[in-house]
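The values are calculated or read from the model by the stated rules, or taken from the named source; none is laboratory data. Here the structure is a predicted model, which means the values were calculated and not measured. Positions of Cβ are generated from backbone atoms using ideal geometry, with glycine treated the same way; all protein chains shown enter the neighbour counts. These area figures cover heavy atoms from the full protein model, side chains too; ligands, DNA and RNA do not enter into them. Shrake-Rupley method; radii C 1.70, N 1.55, O 1.52, S 1.80 Å.
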Amino acid sequence: MKFYVSGELPKEPNMYFIYGDGGTGKTSLFKLFPGKKLLLTFDRSTSVIKPEDNIDTVIFEPSDMPKIQAVIIAFLKRAIINGGYSAICLDNMSALQNFVLENIDDASKDGRQNYQKMQLWFRQLGDMLRSSGVTIFATAHQVDNGSSGLDGAGRFQPDMNERTFNAFTATFDLVGRIYKHDGQRMIDLDPEAGNHAKNRLDDRTLIKASELLKTEKESE
């Protein structure tokens, strides 16, 4: 437990979670972040990363998957303490969830207990990232549930178990859905639209993807 007198809460780096369809530029958004960066990819999608982007990259191999939870935690602890990174990206949480669930399925035959264990692990991962002192960016694919409201409200959600998604993103400052409209990449941050979204950083509910790191005041 830590107690802080009013006005003395330490400023923490922001945490961003962006989901969307393939080809909408989720991974490319990581280039917007300043400083030395680290990309952890769970689906080997590194074609958009160039040498000038100042991004160190970790590609997990099939041999890592049976113990992926321990591998990730150990690696992140070293990177956070010794890496000197300003931002860390976990690219494709949809894929990571599937690997973790497969490992848990192998360890227990109780399906309900398996999902509870998976949710707990992702919550612990989110808590660790929150206390890392590093800006965090995570991505996931989306699920299209078909038209479920006016203008497609509530139609899209991250391709993750909903409780696992909620457990992981509980500590995140911004959750949004990226999509393309009239040739522009946009990010929906409006929880009232029915899709999974939130923005604790300012009052914006719809932004251009290129303005992800700008505050509302800077955008005016």
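Odds and ends about this structure:
- Cβ pairs under 7 Å, 6+ apart, first in segment 176-189 and in contact (Cβ under 8 Å) with a residue 40 or more places away in the chain, second of a type in the set (S, T, N, Q): R177/Q142; R177/N195; I178/T24; Y179/T24; K180/T24; R185/T24
- Applying the condition of being assigned to a loop (DSSP other than H, G, I, E, B) and not hydrophobic (A, V, I, L, M, F, W, C) to segment 161-182 and asking which residue is modelled with the lowest pLDDT yields D182.
- Test set (1) under 23 Å from A170 (Cβ atoms); (2) open to solvent by 40 Å² or more (accessible area, probe 1.4 Å); (3) without any contact (Cβ under 8 Å) to a residue 40 or more places away in the chain - E12 fails condition number: (3)
- Filter result (of a type in the set (D, E, K, R) and in a helix (DSSP H, G or I)) within segment 38-83: E52, D53, D64, K67, K77, R78
Residue-wise test of (1) at pLDDT 95 or above; (2) within 19 Å of the chain's Cα centre (by Cα); (3) not acidic (D, E).
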{"site": "D53", "(1), (2), (3)": "no, no, no"}
{"site": "M65", "(1), (2), (3)": "no, no, yes"}
{"site": "A87", "(1), (2), (3)": "yes, yes, yes"}
{"site": "M93", "(1), (2), (3)": "yes, yes, yes"}
{"site": "L96", "(1), (2), (3)": "yes, yes, yes"}
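- Residue ID - farthest from F137 (Cα to Cα), chosen from residues in segment 20-57 that are aliphatic (A, V, I, L, M) and buried (at least 18 other Cβ atoms within 10 Å of the Cβ): I49
- If you check G7, G35 for being over 14 Å from the mean Cα position of the chain (by Cα), in a loop (DSSP other than H, G, I, E, B), at pLDDT below 85 and on the phi > 0 side of the Ramachandran plot, only one passes: G7.
- Total residues in segment 200-213 satisfying the condition of being closer than 19 Å to H181 by Cβ, open to solvent by 30 Å² or more (accessible area, probe 1.4 Å) and touching a strand residue (DSSP E or B) at 6+ places or on another chain (Cβ under 8 Å): the figure is 4.
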